[in-house]
Amino acid sequence: MSFELLMSAFLDLLTPSVFLYMSIGIILGTAIGALPGLSATMGVALVTPITFWLDKVDGFAMLMGLWNSAVFAGGITAILINTPGTPASITQAWDGYPMYKRGEGGLALGINVIFSFVGGMISILLLILLAQPIADFTIKFGPAEYALVALFGMTMMIAVSNGKVVKGLMLGFLGLGLSTVGLDPVTGLKRFTFGNMGLQSGIAFIPVMIGLLGLGEVFYQMYDYNKKRAAEELEARKINQSLGRVIPTGKEMKKWMPRNIIVGLAATVIGAIPAAGGDISAIICWGNSKRFSKDGENYGHGSAEGLSVSSTANNGVIGGAMCTMLTLGIPGDAVTAVLLGSLMMYGMTPGHTMFTEQLDFTAQIMVLMVLANILFLIIGLATAKISAKLLNMSQPTVWAAVGVLCIVGSYCISNSYMDVIIMFIMGILGFFLKIYDFPSGPLVLGLLLGGMIEKNVRTALIISQGDWGYFVQRPISLVLLILIGASFLFPVVQGILKKKKAPAAE
């Protein structure tokens, strides 16, 4: 993407409204990320409907601010109470909490903010450099290729099933079934609407996300609530130690920076792999850094270097995930799945058209990500010690706030009570999925990609006059078919090899 286009986008974004809504997003993201049980995905899902009332640039400014800040804010609870605020913050607890206990809590919070910024900026720079060439390649895609790309995205059901492959596949097919509700994409006939006008446009993606990730989580936390234990945890969250200095010294930064540049590059690549989120990135980068570092023996026992690596790896996946979403239309993680739905609600189709018909807005999204990182760095450092007070909020207060946001957010998408009903149904479903340990990610992928698969498969068959060989006659579609087959066979082969190794180990 050209420097002139990015500068033009930057100048267009220098408006009070952009910075106002981005600041609101950062404050919300910090609160959401710092409260255990709430995630960046939930935050983006809850706020997305509100952005439909705004100009699309202001709306995405809020979402970018919320997303970037929520990821780093998960480290606040990891450091102060040994409880990761988001799944991506798990390795931050290993080094951050021991630092806090020995009186270096302020430095740990500062490292969290600064190196989250470093990881985010590296990944965004790579997004700016690589997104256009990848998008130019996708111009060769026809209906067959887009159908297989979406199908390849569906193979990520296995990856996001957390080892529960059968359960994941069941929910994935349920999501595919839900995607067929509404008007037929080719003939325009009504399907599974049961005479309800509210279902003619299909089951909206956002209410489903809000229900599964927002209300479902609230119901589960209420079910799992123990008043005595909650009171003890709330008391433990009281900050009673001196947090000390926040900013690392120049010597410390010089020592840690080379390693974290490499980590940022690696995290971007990991983020570009669909379903490989910040938690996977943090564990991979932290583990390999421990192996090759002179300070490796201190990792997990309060190593400032280890904490910096974890923080860089968390935010480093953002640019890679966005690159996959913008260029291929495949969500790189759960948050970009919600953002993909948002773009579609705005009438945009991720892929090559984002770099031709919507090039100006695509450049603005990239610049917004840069601005969000800079702004959360400033706000995060300024409020590092104050943000610890967020941990004193009681769980019932959080439940009430999230519940109201769920109802308002699902209604204001299209001012439809049907969306609120769908949200409540999905909230109940999400609760039972948590109870019986079913992964919700495959259902989301099925609903999101099901329509894309159906439309492009049927269009390709119309072009080829019903010849299924059309999908293997084109080089790109053939390669994609091989990748899809490999995605399904890899877990099977991996399982067979594990079984063979088990008797040998015994």
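Read-outs: derived from the displayed coordinates by stated rules, not from any lab. Worth saying up front: this structure is predicted, and the values here are computed from it rather than measured. A quick note on method: Cβ atoms are made from the backbone with ideal geometry, for glycine too, and the neighbour counts reach across all protein chains shown.
Worth a mention:
- Shape parameters for the stretch 1-67, alpha-carbon atoms, Rg then Dmax in Å: 13.3, 42
- In order along the stretch 105-117, the Karplus-derived 3J(HN,Hα) couplings, from 6.51 cos²θ - 1.76 cosθ + 1.60 at θ = phi - 60°, round to x, x, 5, 4, 5, x, 4, 4, 5, 5, 7, 5, 4 Hz, and Gly and Pro are given as x.
- Ascending count of other beta-carbon atoms within 10 Å, so fewest first, for Leu148, Leu13: Leu13, Leu148
- Percent of Cα-Cα distances greater than 17 Å, calculated over the stretch 432-473: 52
- Whole-number D in µm²/s for the stretch 304-377 (Stokes-Einstein; Kirkwood sum over Cα pairs; 4 °C, 1.567 mPa s): 97
- Cβ-derived FRET efficiency at R0 22 Å, Ile262 paired with Ile283, nearest 0.05: 0.85
- The label point for Asn415 and the one for Leu183, both projected 7 Å from the Cα toward the Cβ, are 2.0 nm apart.
- Out-of-range pairs (alpha-carbon distance over 18 Å; input Lys251/Lys290; Lys255/Lys294; Lys101/Lys294; Lys254/Lys294; Lys164/Lys500): Lys251/Lys290; Lys101/Lys294; Lys164/Lys500
- Here each label is just a point 7 Å from Cα along the line to Cβ, and for Phe432 and Phe52 those points are 2.7 nm apart.
- Fewest-first ranking of Phe19, Phe72, Phe431, using other Cβ atoms within 10 Å as the exposure measure: Phe19, Phe431, Phe72
- Selection of chymotrypsin sites (Phe, Trp or Tyr not before Pro), the stretch 167-222, meeting DSSP coil and at most 11 other Cβ within 10 Å: Phe194
- Listed by Cβ neighbour count within 10 Å, with the fewest neighbours leading, His301, His352 appear as His301, His352.
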